[in-house]
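Below is one structure, written out as structure tokens, with a few remarks after it.
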Amino acid sequence: MAERLAVAPGSFDPVTLGHLDVIGRAAGLFDRVVVGVGANAAKGALFSAAERVALIEDAVASWPTVSVGLVPGLLADFCRELGATAIVKGLRGGHDLAHEEPMALVNRDLTGIESVFLMAAPDWGHISSSLVKDVARHGGDVSAYVTPAVARALAGAFGRG
């Protein structure tokens, strides 16, 4: 039987416990998960791609079937090169589905790879990287939403570390 490899893509600026929940659940469904760190120019990243990769690698270090890679271009090309069987995305609600559906259809058109959507756990459905950055920017405590390493990186990025 062929390996079932999923790619869990995102900008992860920064990675949150909600992201990690989805990645962890994907690891239970697939033989291997590659977290694909992409660059979304429209989002204006706080952390460089290398910093985001390092923060995720730290967070998933104890998960032997999860690795992290940089998506240098089209997600479809990255998935094809890896031999992925699925793309895994977390959804916080209908607004996320409306955003993700066209991308899922184009990725399937380009590669034949299906997208699998996992609903956010109730504890994390209200959390986004943007919200975490906003709280951290204003000196708020983000430790309930991110790993300690990410909390330290945010504090440093906003001159509080």
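At a glance:
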item: Residue check for residue 67: without any contact (Cβ under 8 Å) to a residue 40 or more places away in the chain and assigned to a strand (DSSP E or B); result: yes
item: Output for region 45-54, where each listed residue is in contact with a Leu (Cβ under 9 Å, 6 or more places away or on another chain) and assigned to a loop (DSSP other than H, G, I, E, B); result: 46, 47
item: Given (1) free of Cβ contacts under 8 Å to residues at least 60 places away in the same chain; (2) surrounded by fewer than 16 Cβ atoms within 10 Å (Cβ to Cβ); (3) more than 21 Å from residue 128 (Cβ to Cβ); (4) not basic (Lys, Arg), index of the condition residue 83 fails; result: (1)
item: Exclusive hit being farther than 21 Å from residue 121 by Cα and touching a helix residue (DSSP H, G or I) at 6+ places or on another chain (Cβ under 7 Å), set 82, 46, 20, 91; result: 46
item: Odd one out for residue 123 among (1) within 19 Å of residue 150 (Cβ to Cβ); (2) surrounded by 13 or more Cβ atoms within 10 Å (Cβ to Cβ); result: (2)
item: Residue list for region 132-153, restricted to those being touching a residue at least 12 places away in the same chain (Cβ under 8 Å), assigned to a helix (DSSP H, G or I) and surrounded by fewer than 17 Cβ atoms within 10 Å (Cβ to Cβ); result: 137, 149
item: Selected residue (only one of 126, 99 is free of Cβ contacts under 8 Å to residues at least 40 places away in the same chain and not in a helix (DSSP H, G or I)); result: 126
item: Failed item, numbered, when residue 1 is tested on (1) in contact with a helix residue (DSSP H, G or I) (Cβ under 9 Å, 6 or more places away or on another chain); (2) hydrophobic (A, V, I, L, M, F, W, C); (3) over 21 Å from residue 131 (Cα atoms); (4) not in a helix (DSSP H, G or I); result: (1)
item: Filter result for residue 33 (of a type in the set (Val, Ile, Thr) and in contact with a strand residue (DSSP E or B) (Cβ under 6 Å, 6 or more places away or on another chain)); result: yes
item: Some residue of region 55-63 being assigned to a loop (DSSP other than H, G, I, E, B), buried (at least 16 other Cβ atoms within 10 Å of the Cβ) and among the hydroxyl-bearing types (Ser, Thr, Tyr); result: no
item: The lone exception for residue 93 - which of (1) in contact with a Gly (Cβ under 8 Å, 6 or more places away or on another chain); (2) under 24 Å from residue 55 (Cβ atoms) it fails; result: (2)
item: Of the criteria (1) touching a strand residue (DSSP E or B) at 6+ places or on another chain (Cβ under 7 Å); (2) in a loop (DSSP other than H, G, I, E, B), which one residue 107 fails; result: (2)
item: Residues located in region 92-118, provided they are surrounded by fewer than 17 Cβ atoms within 10 Å (Cβ to Cβ), of a type outside the set (D, E, K, R) and either at pLDDT below 95 or over 20 Å from residue 29 (Cα atoms) (or both); result: 93, 94, 95, 97, 98, 99, 102, 103, 105, 106, 110, 112
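The values are calculated or read from the model by the stated rules, or taken from the named source; none is laboratory data. Fair warning: this is a prediction, and the values are worked out from it, not measured in the lab. Positions of Cβ are generated from backbone atoms using ideal geometry, with glycine treated the same way; all protein chains shown enter the neighbour counts.
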